């Protein structure tokens, strides 16, 4: 126990002049006195110490509660981030599938269009060739002069053959030009 009058008197002076009071376990070791000032001072110190401890305990509990809430929020945030990542991955997969389906549809449509163009060109080429051949045969059977018709027939077949290769070449060029280089 601290019982020196100088120590207690100094503590009283500090309390009066600077509003500084002793607290904590130090208050417990001060010896009670018969002086009313000392008794009042010790009582005031003990009350202040009790209030300070209670406030620190409340702050401690509040901080622990907030820490617990923050930890729970962090777990929820982690779950949401994981869920969002999964949703993003699913969306990217669906986008890739849609792009692939669109490419397949475009290629199929182009292939069908090219097939149609080739068929029509072949029908026209064959039709003109058959018609010209029939006219040439009829002219031969009728014993008419076929010199001009023979030259026209020969030129027509040359033109039809050149045009058919040109059409097919153009179609193939367009087809390869529109394909993506992988």
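The values are calculated or read from the model by the stated rules, or taken from the named source; none is laboratory data. A quick note: this is a predicted structure, and the numbers were derived from the prediction, not measured. Here the Cβ positions follow ideal geometry from the backbone for every residue, glycine too, while neighbour counts run over all protein chains shown.
Things to note:
- Residues within segment 7-20 that are at pLDDT below 70 and touching a helix residue (DSSP H, G or I) at 6+ places or on another chain (Cβ under 8 Å), tallied: 1
- The residue that is farthest from the chain's Cα centre (by Cα), counting only those in segment 108-127 that are surrounded by 14 or more Cβ atoms within 10 Å (Cβ to Cβ) and in contact (Cβ under 8 Å) with a residue 24 or more places away in the chain, is 125.
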